[in-house]
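Worksheet for the structure shown next.
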Amino acid sequence: MKTTNAWTITEHLCKTSSDGFSNTIKWNSESTNGSVWLLLPDEIWISILSNLSHKDLSNAAQVCQRFRYIANDNSLWKLINITNCHSLNNDCLANIGLHQPESLTLYRCHDDAQKITEGGFEKLFQNCKDSLTELKITNCSGPSFEGDTILFNSSKYCNKLTAVDISWTSASDKGVIALVDSSANLKSLSVNGCKITDCAITSLVKKHAKSLVKLEVFGCHALSARCICAVATECTFLENLNIGRVPKITDACLAKIASNLHKLTTLNVTGLNVVRDRPVHYIVKQCPKLENLTLSSCCQVTDVSLVEISTYLQSIKYLDVSGCKKVTDIGIQALARSCRQICYLDLSSTGTGKRGVCLLASYCYNSLECLKLSFCKDVTADAIEKLCKNCKSLKVLHLYGCRVSSDLAIIKKFSEKFKIFHDLSIPNKNILGE
């Protein structure tokens, strides 16, 4: 998906109109008098321009008439992703819709000047009602980006929506229910941090239980244990479930998830006090397709859980046990020796030490791409050096709060090969708060 991170796209979007999609423009004289590159077939130019962000596509459209025509080809605008934009307005939104996107993402966009009204979103969705199937509007600021406003207007026109993410937009039951009622076949819904209750999820389950494959309700504190049990019982095709920071989750909920959701590939139970070694055992044993498991801040999880994972989920690729202080090198040993496909591992604020890092370097060197060891006080510089030398696929390494500042030069020499995030210039006594 192409991403633009500047305001320049808006000038093009505001000027674009339906004549930009016309096939009646004549190129012969322009091609003859201009660069010979303009003689290349449209298909080749479209292939070249497909590598550009939407910001650059907008700039390319201002070069000449032919580039304006090619840069507006529908194939280049099926997936629109606009990031960090501060200058969107009603005209921009309306013209985004004219591009007939199949997927639209607005991420970290801001309307501080309040140039967007409800009418702007209404025109956006009205213009792309026949094409839009995926909508993601998250981490945006300004009164116009309120979740219910977005959901009411999208549900009014876009009944083909199959995937919606309006996390952290303060959406309520009314907006979610409007979306649920209007959508013919909803497959994915992310409402993390929204003000929803059991009513919204009950409505979702009632209509879309057989089609739903992804549900994210992270931080939706009002949801009850009964509601989550209903999801686990009815939505048996779920592949991705995020119930982190939902405090009313019970052991019974976890048991329902383990016994009913055998198709799960991704599960997030961040910060749930009921997550202990025994529930983890049932989950990993009965959900054999799990590739992505987040147990972050589940303080009752110990090395036993890692042994269970190494026994039943040897193909796991993503594991987050950050903040699980009872996890030590014993658990890492079992994990490293059995789970040879793991590519993302977050061990921040655990009891991982030198031996655990060396074991990862010895057994997971082919697969490991991202390793987070922040605030693992017993990690040593020689273990990190071995890890860096062995793990040829490593792309990201987190070392915040580790006691390796005296070996800064040794560690930093590897930063040319991959990204190392650290505070290694801070003296040990400051890192440890001594």
In a Gaussian network model of the chain with springs linking alpha carbons closer than 10 Å, the residue among Leu306, Leu39, Leu267 that fluctuates most is Leu39
Can you pull the accessible area of Phe375 for me, 1.4 Å probe, Å² to the nearest 10?
110 Å²
When a/c is below 1.5 the answer is rounded, else prolate if a/b is larger than b/c, else oblate, so apply that to the chain with a ≥ b ≥ c taken from the square roots of the Cα gyration tensor eigenvalues.
oblate
Please work out how many pairs of lysine residues in the stretch 300-388 are eight or more positions apart (or on different chains) and have Cα atoms closer than 18 angstrom.
12
Would you rank Trp168, Trp77, Trp45 by solvent-accessible area, highest first, keeping every protein chain in place and using a 1.4 Å probe?
Trp168, Trp45, Trp77
Yeah, the stretch 82-182 with a ≥ b ≥ c from its alpha-carbon gyration tensor (a/c under 1.5 is rounded, else prolate when a/b outruns b/c, oblate otherwise) is oblate
Global geometry of the stretch 128-209, whether rounded, prolate or oblate, following the gyration tensor of its Cα atoms and the 1.5 cut on a/c
oblate
How big is the dipole moment of the stretch 306-394 about its Cα centre under a simple scheme where the beta carbon of each Lys and Arg is +1, that of each Asp and Glu is -1, and everything else is neutral? Debye, nearest 20, please.
120 debye
Suppose each label sits 7 Å from its Cα in the direction of the beta carbon; what would the Arg226-Glu118 distance come out to in nanometres?
3.3 nm
Accessible surface, the chain, averaged per residue in Å² (probe 1.4 Å):
44 Å²
Please arrange Val246, Val304 by accessible surface area, largest first, computed with a 1.4 Å probe and ligands excluded.
Val304, Val246
Using a Gaussian network model of the chain whose springs link C-alpha atoms within less than 10 Å, name the residue from Asp181, Asp73, Asp42 with the highest mean-square fluctuation.
Asp42
Note down the accessible area of Tyr107, probe 1.4 Å, to the nearest 10 Å².
70 Å²
When the chain is treated as a GNM, springs tying every alpha-carbon pair under 10 Å, which of Ile166, Ile309, Ile46 comes out with the largest mean-square fluctuation?
Ile46
Glu291: accessible area at probe 1.4 Å, nearest 10 Å²?
80 Å²
With a 1.4 Å probe and every protein chain kept in, tell me what percent of the accessible surface of the chain is carbon plus sulfur.
50 percent
Sorting Arg278, Arg245 by accessible area (1.4 Å probe), largest first, what list results?
Arg278, Arg245
Given charges at beta-carbon only (K, R positive; D, E negative), |dipole| of the chain in Debye:
1120 debye
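The values are calculated or read from the model by the stated rules, or taken from the named source; none is laboratory data. Values in this document were obtained by computation on a predicted structure and should not be read as measured data. All Cβ positions, glycine included, derive from the backbone under ideal geometry; neighbour counts span all protein chains shown. Surface accessibility is based on the protein's heavy atoms, side chains included, excluding ligands, DNA and RNA. Shrake-Rupley method; radii C 1.70, N 1.55, O 1.52, S 1.80 Å.
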